[in-house]
Amino acid sequence: MRTQSSKMYRIALSYTHSPQDTLDILQTSFNKALKAIDQQSNLVINDPAAWYYRILINSCRDFWRMQQHQPIKANFDLEKMMLPTPQIASFEL
């Protein structure tokens, strides 16, 4: 299981580039898998690892798409921007 969890972590980290977001995605994908098992009593999974990895990758893609649509936050100090810029004296060589 340890090798599987490190593989899962590396897959999610390759999408997020952030350890905290990676852990969030792992938790989200695990919750989605448990919810799918709980909702479908007749669910037959031939290869549980492949099934979970597909859920994990789809969760990573969802996260990546969400990040692409978030506006970039900029911190501008309007008071500093409104101040006149100092004049640079020209000099000749």
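The values are calculated or read from the model by the stated rules, or taken from the named source; none is laboratory data. Since the structure is predicted, the reported quantities are computational estimates derived from the model, not experimental observations. Note: ideal-geometry Cβ built from the backbone for every residue, glycine included; neighbour counts use all protein chains shown. Surface accessibility is based on the protein's heavy atoms, side chains included, excluding ligands, DNA and RNA. Shrake-Rupley method; radii C 1.70, N 1.55, O 1.52, S 1.80 Å.
Scanning the range 12-45 for residues that are part of a loop (DSSP other than H, G, I, E, B), within 9 Å of the chain's Cα centre (by Cα) and of a type outside the set (Ser, Thr, Tyr) returns a single hit, His17. Screening the range 62-84 for residues that are open to solvent by 100 Å² or more (accessible area, probe 1.4 Å) and at pLDDT 80 or above and picking the one that is farthest from Tyr9 (Cα to Cα) gives Gln68.
Note on the range 1-49: residues that are within 13 Å of Phe63 (Cα to Cα), open to solvent by 60 Å² or more (accessible area, probe 1.4 Å) and out of contact with any Ser or Thr (no Cβ under 7 Å at 6 or more places or on another chain) amount to 7.
Cβ separations smaller than 9 Å between residues 6+ apart or across chains give the following pairs from the range 46-74 residues that are in a helix (DSSP H, G or I) to residues that are open to solvent by 100 Å² or more (accessible area, probe 1.4 Å) and modelled with pLDDT of 90 or more: Tyr52/Phe30; Ile55/Phe30; Leu56/Phe30.
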